[in-house]
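Take a look at the structure set out below.
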Amino acid sequence: MAGVEKNKSRDAIVGVDIGGTKMMATVYDADFNILGNCRKKSRGKSGNDSEKRVVKVIREALETAGSPTISGIGVGSPGPLDPETGVIIDTPNLGWKDFPLAALLRDAFGVPVVVDNDVNVGTYGEWRCTSLRSYRHVLGVFPGTGIGGGIIIDGKILHGFSGAAGEVGHITIALDGPFCGCGKRGCLEAVASRVAIAKEAAALAARGDAPYILEQCGTDVNAIRSGVLARAIEAGDQMVEAVVRKAAYLTGVGVGNLINVLSPEAVVLGGGLVEAMEALMLEEITRGADEHAMPFLRKDVVITAAQLGDDAVVMGAAQLIVEHLASGKKGNGK
Ligand SMILES: [Zn+2]
């Protein structure tokens, strides 16, 4: 792929995306061509076997690639995690608590491993593997089931003191707003995520104000996915459109605040809601940012949709390990 950092050792590398429900590994050659890949569910029927499945998904990806020699593995994993040691602190979906993921993979494959938060790694991929690569300061915001964020400042992922910087979804946007999954009230995620929108859409459906939603999903919040919301708007559910526009605008208010604090050159927007309704989401997020960022900080900031889709994390992870190796580091904790 043109423009991305080349792998100086000329060996292959592996990018891994560990999600709450699916995991994926892609093997790249030194020029970032895909040699092979593999996808699996994150948990088997028996439950607590996520660690075995990670090793297996990488092994099978390497087999599909013709078992090349590899120089390192990059991983994007749900957090919170310690980016210094590659230890996953707590991911209930995968059953991991204080789990040394980087060490496990280093022992299993005998190569350096770098592990970082999946949203950080996705933002890194969108930065390094697209036309955004000429920038040095990039903010990633991903509104979907929750609202994730990644911050790149001076060409580096911002981890902060705790290692967990970038929790864009937990900016307080409504002081007495609804409860958030984090236990606080009024976070951006509690008023603007797909789940927050779906709750309102279900209420509209229940009282007959969202006919398409009622017909397709009844009032089941979990069934009201981003694609259903997009189709409801196309079908003319005007109140659903108003709810989605308001949520996107509030996301833009959050983005405007972050522009004031971080002064990025580009904001990249991805996630399920943006993938399903790119034009509407970009319009309202841009409007929110325009109205809440200071003009001097807002001017010249590019606000754009993510381009890599499901491949952002594997590409970002592979890129991250290549740059890690090029800088002479040996991966997390080494
Ligand atoms: Zn929260």
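The values are calculated or read from the model by the stated rules, or taken from the named source; none is laboratory data. Fair warning: this is a prediction, and the values are worked out from it, not measured in the lab. Counting neighbours? That spans all protein chains shown, and the Cβs are built from the backbone with ideal geometry, glycine included.
Some notes on this structure:
- In the stretch 218-242, residue farthest from the ligand (Cβ to nearest atom) [restricted to those that are buried (at least 23 other Cβ atoms within 10 Å of the Cβ) and within 17 Å of E284 (Cβ to Cβ)]: D237
- Any chance E189 is in the same structural domain as E275 (by TED's automatic domain parsing), charged (D, E, K, R), in contact (Cβ under 8 Å) with a residue 24 or more places away in the chain and away from the ligand (no atom under 12 Å from the Cβ): no
- Criterion applied to E291, E275, E241, E284 was being in contact with a Lys or Arg (Cβ under 9 Å, 6 or more places away or on another chain) and either in a helix (DSSP H, G or I) or modelled with pLDDT of 95 or more (or both), and the one residue passing it is E284.
- Some residue of the stretch 44-54 being acidic (D, E) and modelled with pLDDT of 95 or more: no
- Of residues in the stretch 132-171 being of a type in the set (S, T, N, Q) and within 16 Å of the ligand (Cβ to nearest atom), the one nearest to V274 (Cα to Cα): T145
- Meets criteria (touching an Asp or Glu at 6+ places or on another chain (Cβ under 9 Å) and loosely packed, with under 15 Cβ neighbours inside 10 Å) for G309: yes
One line per residue, one yes/no per condition, for (1) buried (at least 16 other Cβ atoms within 10 Å of the Cβ); (2) on the phi > 0 side of the Ramachandran plot; (3) aromatic (F, W, Y):
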site	(1), (2), (3)
G146	yes, no, no
V168	yes, no, no
D176	no, no, no
F179	no, no, yes
C187	yes, no, no
E200	yes, no, no
A206	no, no, no
Y212	yes, no, yes
Q216	yes, no, no
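- Unmet criterion (only one of (1) more than 26 Å from A12 (Cβ to Cβ); (2) aliphatic (A, V, I, L, M); (3) more than 16 Å from the chain's Cα centre (by Cα)) for V138: (3)
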